[in-house]
Amino acid sequence: MDPVWEAAPSGKHGLQQNYSDAAKKKKAHPVARRPRTIPGVGPVTELSVIALVDDPGRFSRTTDLGAYLGQTPKRYQSGEVDWSGRVPKCGNGVMRSLLFEAATTLLARVQNFTPLKSWAVRLAGQRCFAKAAVTAARKLAVLKLTMWKKETEFTWKKEAVV
């Protein structure tokens, strides 16, 4: 079995058991060997994104990953009415939870400000923390896929934000 799939969590207990092995198994995958440069994203989240996506060519646009994970808001459009609804929560629930945790870590624990964190903190001030974390989680997934496709690393400058 592929070491990435073995390290991917299979639920709440899988997260606790596999977290210690994730750092070791991360070295087996060429994409995961790159340093973890995205703030807030740990080895379990990184391996889970790699295991879920499997082939980055599946998504013609990197923003399609947000819809695949169920992290884009519903839209209601009819005549002059146009509003955004809640996040539908379809897709892989464990992956959404991991990305939400990474976004929460980015917002609450990471000390250095990046344009991504500044944007999310501003959004949290306008809305609520949970909505900002869900939106930042979607951006983190899209950013990871973009970095994977372009074979680059996260930079702390403005150009890194997708």
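The values are calculated or read from the model by the stated rules, or taken from the named source; none is laboratory data. These numbers come from a predicted model, not from an experiment. So basically every Cβ, Gly included, is an ideal-geometry build from the backbone, and we count neighbours across all protein chains shown.
Being outside any loop (DSSP other than H, G, I, E, B) and at pLDDT below 85 narrows it down to one residue among Ser10, Ser20; which is it?
Exactly one residue qualifies, and that residue is Ser20.
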Exercise. Filter segment 29-85 for residues that are of a type in the set (S, T, N, Q) and closer than 17 Å to Ala141 by Cβ; which is surrounded by the fewest Cβ atoms within 10 Å (Cβ to Cβ)?
Worked result: Ser60
Exercise. For Lys144, are the conditions met, namely being of a type in the set (D, E, K, R), part of a loop (DSSP other than H, G, I, E, B) and either under 15 Å from Pro39 (Cβ atoms) or in contact with a helix residue (DSSP H, G or I) (Cβ under 9 Å, 6 or more places away or on another chain) (or both)?
Worked result: no
For this session: Output the qualifying pairs, or none if there are none: Cβ atoms under 7 angstrom, residues six or more apart or on different chains, first residue in segment 85-98 and free of Cβ contacts under 8 Å to residues at least 24 places away in the same chain and part of a loop (DSSP other than H, G, I, E, B), second residue among the aromatic types (Phe, Trp, Tyr) and buried (at least 16 other Cβ atoms within 10 Å of the Cβ).
Result: Gly91/Tyr68
Exercise. Applying the selection to segment 66-77, what residues are modelled with pLDDT of 85 or more and more than 18 Å from Lys131 (Cα to Cα)?
Worked result: Tyr68
For this session: Take segment 99-135 and flag every residue that is in contact (Cβ under 8 Å) with a residue 24 or more places away in the chain, farther than 24 Å from Ser84 by Cα, in a helix (DSSP H, G or I) and over 14 Å from the mean Cα position of the chain (by Cα).
Result: Pro115
